[in-house]
Structure formats: structure tokens, C-alpha cells
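A.B. asks: Got a structure for you, written out below as C-alpha cells; questions coming shortly.
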Amino acid sequence: MSRWLARGALVAMCLLLALALRPAAAFGDTWAGPFGSLLAGLAFALAALAAEQVLRTRDIWTVAGAALGVLVGGLVGVVVVRILPEGSGGLATAPLRPFVYLIALYAGGFAGARLAAALRGEDVASVLGRDGAHTPSVKILDTSVIIDGRIADVCESGFLEGRMVIPSFVLRELQYIADSQDPLRRARGRKGLEVLQRLKKAASASVVFSEEEIPEVREVDLKLIELARRTHAKLVTNDLNLNRVASLRGIEVLNLNELANAIKPVVLPGESMKVSILREGKEPNQGVAYLDDGTMVVVDNARSLIGRSVEITVTSVIQTTAGKMFFGRLSGTDAQSLRAAAAAPPQPAPEAEKSA
């Protein structure tokens with residue numbers, strides 16, 4: 001609410017200053033009245049609000065280059081209008097001269113901004129905050145996805161591109177975790193800062209640190225949702241609860257856990273695979289293994305094979321909220337050795353044990 005009050009005060013101040021200074025009088029007597037001055041003040045206020053929106057999530061050096069291009073291009077446009085012949089037969093007649101000025105300023109400014117953006121390797125549409133077919137979308141990263149670290153691998157592979165916005169409150173939270181007294185939390189925070197360094201070096205992504213604070217909202221998750229709503233950005237997270245709340249608010253969410261589940265290898269019942277039994281399962285004689293992507297594999301009669309690599313045959317695949325879970329049984333030589341051990345007669349106890 002306070003932000004909208006400040007914007008309304010800015011518009012009112014621009015209108016009052018325009019009535020007092022009469023800037024539209026420079027375009028001739030036709031525009032010297034109150035209507036022309038109010039129109040000029042409103043245009044200035046809208047330009048200021050647009051600049052605030054652009055500066056919120058854009059790289060400051062890119063915006064500065066575009067602003068310089070607008071200034072130079074606008075000056076060129078003014079010079080072109082100045083040299084146009086005046087009179088009833090020319091374009092710069094008294095009634096049309098203000099419109100010619102505006103068209104020249106816009107065309108020259110747009111050309112200058114495009115040139116400045118091209119020199120920096122940026123798309124002018126992304127600099128000016130316009131949606132276009134080739135404009136990379138803006139994505140806001142939360143703390144969980146930064147600490148997770150896979151976002152850097154995805155960006156380095158080129159599958160995720162565009163502007164990666166890191167809000168200031170997320171950066172502060174990372175710093176707070178990195179300074180924690182708990183060794184585990186401190187390691188997680190430092191890992192997140194290292195991931196940001198990798199993201200800055202990724203060729204397909206452009207990391208932008210936003211200074212948007214949103215003081216009227218206290219919780220970090222709600223700040224992220226509000227920032228995504230204001231900037232029309234996508235939210236990148238691993239937090240399931242944040243994912244659900246943001247989706248209910250109409251925010252587009254990119255969840256790396258859902259991406260990982262989507263690209264897991266497809267294994268059908270009856271296929272074979274080789275796994276390493278790491279621990280015992282919940283049921284008797286079960287062993288548990290994990291694939292490279294973290295998928296759990298439960299193997300029957302494999303409890304005695306913990307620490308060994310075995311060949312199994314997949315018997316069923318179950319989809320859970322956390323992802324897929326495979327069930328299998330031993331196959332090949334491992335199954336044969338297990339059957340042979342089960343069929344072997346029990347060995348008689350040594351004589352020493354009998355006498356004892």
C-alpha cells in the first residue's frame with residue numbers, strides 16, 4: 001500500500017510542477033495551455049514509473065547503456081527535426097511540429113537503445129522490459145534451489161537460460177546460514193554462495209541481484225511470491241509448500257525436483273539392472289539400493305548382500321509423491337548362489353561346541 005501511495009504522490013507532484021512550469025509551451029502556442037502542461041507532466045510521471053519497473057530487476061550497466069543510447073538517439077532525432085523545412089508544405093508545420101518531435105525522439109531513442117544493447121550482447125526488448133518472442137524470461141531463485149546446487153548444472157548445460165534474479169532478502173538469508181554456528185548449516189550456506197559464483201559464470205544465464213525489499217511482507221516465501229507477481233517472473237524452487245502456495249497465487253513455478261523426476265530413466269518390469277545394496281529394508285531379507293539419480297530400489301532376499309553389487313530383475317514400479325520406487329529380485333549368478341546356499345544342508349557343529 002505504501003508503494004502505491006508513493007507512486008500516486010509522484011504523479012500528483014509531476015502534474016503540479018507541470019502546471020507551474022508549463023513545459024509544453026516549448027512546442028508552441030497550441031500546447032501552451034493547461035491541457036498540454038498536464039499531458040507533459042503525466043508523460044514524465046509515467047516515464048519515471050516505467051524506469052522504476054525496469055531498474056527493479058535489470059542489470060544496472062545494461063540499463064545505463066540503454067539510457068545513454070536513448071539520449072544520443074534522441075539528440076539525433078532533435079537535430080533531424082531542426083533541419084526539416086518549415087512552412088505549409090513541410091512536415092514541421094506548426095500544428096504537426098510537436099508530433100514530429102515526439103516521433104523523432106522515440107525513433108532516435110529506440111535506435112540508440114538497440115545499438116547500446118547490441119554492444120552489450122543484450123536484446124533491446126529485455127532491456128526495455130517488453131515481452132517478445134525472443135525475450136528470455138525472468139526467473140527468481142529461492143534459497144532452497146540455490147543451496148541444492150543442481151540449478152548451476154542445469155544452467156551450465158544450457159537447458160535453463162535468461163535472467164536469474166537473486167533478491168536481496170534471499171542473499172541475506174544465505175549469508176545468515178553461512179555464518180551459522182552449526183557446522184552443517186554453515187556448510188550449506190557456503191555451498192549456496194559457491195553456487196551463485198558458478199551461476200554468474202554460466203554463459204546461458206545472467207545473474208541479477210535485485211534490491212526489491214517488499215517491507216510490507218515479513219515472510220521470505222511470501223516476499224518471493226509477491227516479487228514474482230510484480231515482475232511477472234517465474235519462481236524457481238525445490239520447496240514443495242512454496243510451490244503449492246505460488247501455484248495457487250497464479251505464479252508459474254519451476255521445480256527442479258519435478259524436472260529430476262521427469263528425466264529419470266524409464267525402467268519397465270522385466271528389465272535387468274546392476275545395483276549396489278547399501279542397507280537393509282523394512283521387510284525381512286530385503287535390501288535397499290539407490291540409482292545415480294537417487295531413486296530407491298528395494299530388492300528381495302538381498303539383506304545378506306549389503307556392500308555388494310548385484311544384478312536384479314525389476315518386478316514392479318511404484319509412483320510416489322517423492323518420485324518412483326523400483327522393486328526387484330536377484331537374477332543371474334547372484335540368484336543361483338543364493339538358491340545354492342539355501343539348498344545346502346546345514347553344517348554339523350564342531351566337536352568342541354558339542355562338548356561345551
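A.B. asks: Any residue in the range 194-211 that is modelled with pLDDT under 85, part of a loop (DSSP other than H, G, I, E, B) and in contact with a Cys (Cβ under 7 Å, 6 or more places away or on another chain)?
C.D. replies: The answer is yes; a qualifying residue exists.
A.B. asks: Could you list, in sequence order, all residues of the range 117-166 that are polar (S, T, N, Q), modelled with pLDDT of 50 or more and not in a loop (DSSP other than H, G, I, E, B)? Can you show your working first?
C.D. replies: Looking only at the range 117-166, we keep the residues that are polar (S, T, N, Q), and these are 126, 135, 137, 143-144, 157.
After this cut, where a residue has to be modelled with pLDDT of 50 or more as well, the list is 137, 143-144, 157.
Within the range 117-166, T143, S144 meet the criteria.
A.B. asks: Being at pLDDT below 90 and either surrounded by 14 or more Cβ atoms within 10 Å (Cβ to Cβ) or touching a Phe, Trp or Tyr at 6+ places or on another chain (Cβ under 6 Å) (or both) narrows it down to one residue among L242, L256; which is it? Before the answer, list the steps.
C.D. replies: Values: L242 fails: at pLDDT below 90.
Testing whether each residue is at pLDDT below 90 and either surrounded by 14 or more Cβ atoms within 10 Å (Cβ to Cβ) or touching a Phe, Trp or Tyr at 6+ places or on another chain (Cβ under 6 Å) (or both) leaves just L256.
A.B. asks: Can we say L224 is crowded, with 19+ Cβ neighbours inside 10 Å and farther than 28 Å from Q319 by Cα?
C.D. replies: Numbers: crowded, with 19+ Cβ neighbours inside 10 Å: yes; farther than 28 Å from Q319 by Cα: yes.
Spelling it out, L224 is indeed crowded, with 19+ Cβ neighbours inside 10 Å and farther than 28 Å from Q319 by Cα.
A.B. asks: If you don't mind, there's one more thing I want to ask. From the list L254, L222, L242, which one is in contact with a Ser or Thr (Cβ under 9 Å, 6 or more places away or on another chain), over 27 Å from F327 (Cβ atoms), part of a helix (DSSP H, G or I) and not charged (D, E, K, R)? Walk me through how you get there before you give the answer.
C.D. replies: Values: L254 fails: part of a helix (DSSP H, G or I); L222 fails: in contact with a Ser or Thr (Cβ under 9 Å, 6 or more places away or on another chain).
When all the criteria are applied, what remains is L242.
A.B. asks: Exactly one of (1) part of a strand (DSSP E or B); (2) at pLDDT 85 or above is unmet by Q319. Its number?
C.D. replies: Answer for Q319: the failing condition is (2).
A.B. asks: Here's something else I'd like to know. Pairs needed: first member in the range 280-308, among the aliphatic types (A, V, I, L, M); second member anywhere, in a loop (DSSP other than H, G, I, E, B) and surrounded by 14 or more Cβ atoms within 10 Å (Cβ to Cβ); C-beta distance under 7 Å; at least 6 residues apart or different chains.
C.D. replies: Sorted first by the residue in the range 280-308, then by its partner, the pairs are V288/G281; V297/L291; V298/G281; V298/Q286; V299/Q286; A302/Q286.
A.B. asks: In contact (Cβ under 8 Å) with a residue 24 or more places away in the chain and among the hydrophobic types (A, V, I, L, M, F, W, C): which single residue out of L196, L184 fits that description? Spell out the reasoning first.
C.D. replies: Details: L184 fails: in contact (Cβ under 8 Å) with a residue 24 or more places away in the chain.
Result of the check over L196, L184: L196.
A.B. asks: Same structure, new question: Confirm whether A187 is buried (at least 18 other Cβ atoms within 10 Å of the Cβ) and either in the same structural domain as E211 (by TED's automatic domain parsing) or among the hydroxyl-bearing types (S, T, Y) (or both). Even if it seems obvious, please write down each step before you answer.
C.D. replies: Numbers: buried (at least 18 other Cβ atoms within 10 Å of the Cβ): no; either in the same structural domain as E211 (by TED's automatic domain parsing) or among the hydroxyl-bearing types (S, T, Y) (or both): yes.
No: the conditions fail for A187.
The values are calculated or read from the model by the stated rules, or taken from the named source; none is laboratory data. Source: prediction; values computed, not measured. Reconstructed Cβ throughout: ideal geometry from the backbone, glycine too, with neighbour counts over all protein chains shown.
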